[in-house]
Amino acid sequence: MEPENERLRTPRAAGLAGTVFALLLAAAIVLVRIALPTGDIADAPVAPNMRWAVRVALEILPFAGIFFLWFMGALRAHVGDAEDRFVATVFLGSGLVFVATMFAAGAAAGTVVNEGPSTFGRDFSYTMMTTYALRMAAVFVFTTSTIGHRLRVFPRPLAFLGYLVGLVLLVMGSGLPWTELVFPFWALVVSVHLLRFGLRAPSRAADAA
């Protein structure tokens, strides 16, 4: 009986973790964007009087990654053995690679703030975040939405929202300023849904669809 009770509590854990992750990541993105001129961050110097914003964003980033891992783990704990092995592997791998690339981008960005202007650090950080981290975020959104749709643990509009968000991140992640905010927005929408309604029990009947 106790394992079932633990299983029933995981949607609330995922909802809380996802909400904190979404708010922290969105705050970090906004801080970096306001600290730099609009346009390509890779070509924009950090204004001396705005370096505090980048420092705060870099302090926030590790905590965002921690709560993202909790969010991902709580979702897996609820879905459990009902997951398709292939999709579940992509789900887990894309989430872990997203966190790793986000941390690498943050570490590279720290060299720009702490050691003065660094073209390499700025370019490396921008490439890691927009070319790799956002693409991995897109894969994570796609696979999460696929699992939710196939197992019928997400309502259909929420799953379709995930496909749209994943497509935006995949196609326009590096070309349009502020596009990166759609990922924390999606995480927040999913988390609010989990807090309000929870998740329906996974259904293997969806595999036939």
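No value in this document is a laboratory result; all are computed from the given coordinates. Predicted model only: the values in this text are computed from it and were never measured. Reconstructed Cβ throughout: ideal geometry from the backbone, glycine too, with neighbour counts over all protein chains shown.
Before moving on, here are some points about what is shown:
- Derived scalar couplings between HN and Hα for region 148-162 equal x, 6, 5, 8, 6, 9, 10, x, 4, x, 5, 5, 5, 4, x Hz in order, rounded to whole Hz, by the Karplus curve 6.51 cos²θ - 1.76 cosθ + 1.60 (θ = phi - 60°), x for Gly and Pro.
- Amide proton proximity set for Leu151, modelled H, under 5 Å, gap of 5+: none
- Fully extending the segment from Arg12 to Phe185 would add 60.5 nm, taking 0.36 nm per residue of separation and subtracting the current Cα-Cα distance.
- Cα gyration tensor, region 121-172 - rounded (a/c under 1.5), prolate or oblate: prolate
- On the basis of the beta-carbon distance and an R0 of 25 Å, Leu96 and Ile34 show a calculated FRET efficiency of 0.25.
- Net +/- balance of residues flanking Ala28 in space, Cβ distance below 12 Å, scoring K and R +1, D and E -1: 0
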